[in-house]
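Note sheet for the following structure.
The values are calculated or read from the model by the stated rules, or taken from the named source; none is laboratory data. All figures in this text were calculated on a predicted structure; none of them were measured in a lab. Here the Cβ positions follow ideal geometry from the backbone for every residue, glycine too, while neighbour counts run over all protein chains shown. Only protein heavy atoms, including side chains, enter the accessible area calculation; ligands, DNA and RNA are left aside. Shrake-Rupley method; radii C 1.70, N 1.55, O 1.52, S 1.80 Å.
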Amino acid sequence: MVTVGLRITCIIVLLVELVGCASESIKPVRLYVFHCGTIDVKDVSVFHPGIGKGEHKILTDSCYLIVHPKGSLMWDTGISDELAKLPEGKTMYEVFTFRMTQPLAVQFQEIGVSPASVQFLGISHLHSDHVGNANLFPQAQLLIQKEEYAAGFGPEPAKFGFDPSSYPTLKNNPVKQLEGDYDVFGDGKVVIKRMLGHTPGHQALFVKLAKSGNILLSGDMVHFTDNWVHKYVPGFNFDKQQSLKTMQAAEKFLTDNNARLWIQHDLEQNNTLKHVPEYYE
Ligand SMILES: [Zn+2]
């Protein structure tokens, strides 16, 4: 009787483990949207030379956490939380004023996730409005195109609009330098897309969600809807021709994959999205 009882117990334990495994494997991918600052643009014509000279525009800055059953990925890290101490903001390159009102670290507390538990850090590019809080993820593996890494950590970062003092800890992160698209968890649900032009190794992020559908997070492949519609290339982009080619390829990619484009700096579009503590699945 003792042996039979033991066997039944073993079978029950096995079943519980199997059910646990099954529910684990069907956990949907989750996408959180964070407020990561605002950018006050004094002269919008920097985004489309010759058009809108002297016109003012406010952009948002957004960043994202993707939680996959096999791990998690932070996508961009916004403007530095340190700027929350400067209500008047910080003016950069005379045209842009960066402001931070909702520190990223506080938003992480709201969703009960520790930045230290995030395994991967995907950075669309190294401009300071995308790496401001990279220091919250010192243990995460940095996923970056090799050209971006070479430019950001090479002899002349300023030539590409990079300021290494805005990413002082990034050099110490474990890193995987990419030479193309990269399927982060191996199931096609979270894929880094090589989309060059804005900077030497710019990239975007494709996410497949079970209920909310397919989404492409733009990085700075484009900054706002009007530029996307007209395929305008900002005057400060690294490679104008490549930027245009990338936008055309992205448009085809969106059609082929039945995906929507979330433009990371587009204030009006971003205002229509759910932000933390809510999420998309
Ligand atoms: Zn940006």
| request: Tally up the carbon and sulfur contribution to the accessible surface of the chain as a whole percent, 1.4 Å probe, everything protein left in place. | output: 58
| field | Net charge of neighbours whose Cβ lies under 12 Å from the Cβ of Val229, counting Lys and Arg as +1 and Asp and Glu as -1 | value | -2
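For the range 184-241, which trypsin sites (Lys or Arg not before Pro) are in a loop by DSSP, counting at most 14 other Cβ atoms within 10 Å?
Numbers: sites: Lys189, Lys193, Arg194, Lys208, Lys211, Lys231, Lys240; in loops: Lys189, Lys211, Lys231.
Those satisfying the criteria are Lys211, Lys231.
If you take the alpha carbon radius of gyration of the range 33-93 and divide it by 2.2 N^0.38 Å, what ratio comes out, to two decimals? Kindly include the intermediate steps, with their values, before the conclusion.
Values: Rg = 15.4 Å, N = 61, 2.2 N^0.38 = 10.5 Å.
Output field value: 1.47.
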| message | Between helix 2-25 and the chain, what is the angle of the helix's C-alpha long axis to the longest principal axis, kept within 0 to 90° and rounded to the nearest 10? | response | 20
| note | Helix 240-256: inclination vs the chain longest Cα principal axis, degrees, rounded to 10, gives 40
| Per-pair calculated FRET efficiency, R0 = 35 Å: Tyr93 and Ser117 via Cβ, rounded to 0.05 | 0.50
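Write down, largest first, the equivalent ellipsoid semi-axes of the range 115-202 in whole Å, where each equals the square root of 5 times an eigenvalue of the alpha-carbon gyration tensor. Could the numbers behind the result be given before it?
Values: eigenvalues 80, 55, 20 Å².
Whole-Å semi-axes of the equivalent ellipsoid: 20, 17, 10.
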| said: Testing the spin-label approximation: label points 7 Å from Cα along Cα→Cβ at Ala249 and Phe153. State their distance in nm. | reply: 2.4
| In whole Å, how far is the Cα centre of the range 25-67 from that of the range 169-193? | 22
| field | Simple Cβ-charge dipole of the range 29-271, Lys/Arg +1 and Asp/Glu -1, about Cα centre, in debye nearest 20 | value | 500
| said: On a straight-distance basis, which aspartates and glutamates could pair with Lys70 in a cross-link, Cα separation under 20 angstrom, same-chain partners fewer than 8 positions away excluded? | reply: Glu17, Glu24, Asp181, Asp183, Asp187, Glu281
| field | Accessible area (Å², per residue) of the chain, counting only protein heavy atoms and a probe of 1.4 Å | value | 48
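Work out the P(r) tail for the chain: percent of alpha carbon pairs separated by more than 29 Å, whole number. Don't skip to the answer; put the middle values down first.
Values: 13127 of 39340 pairs.
That fraction is 33 percent.
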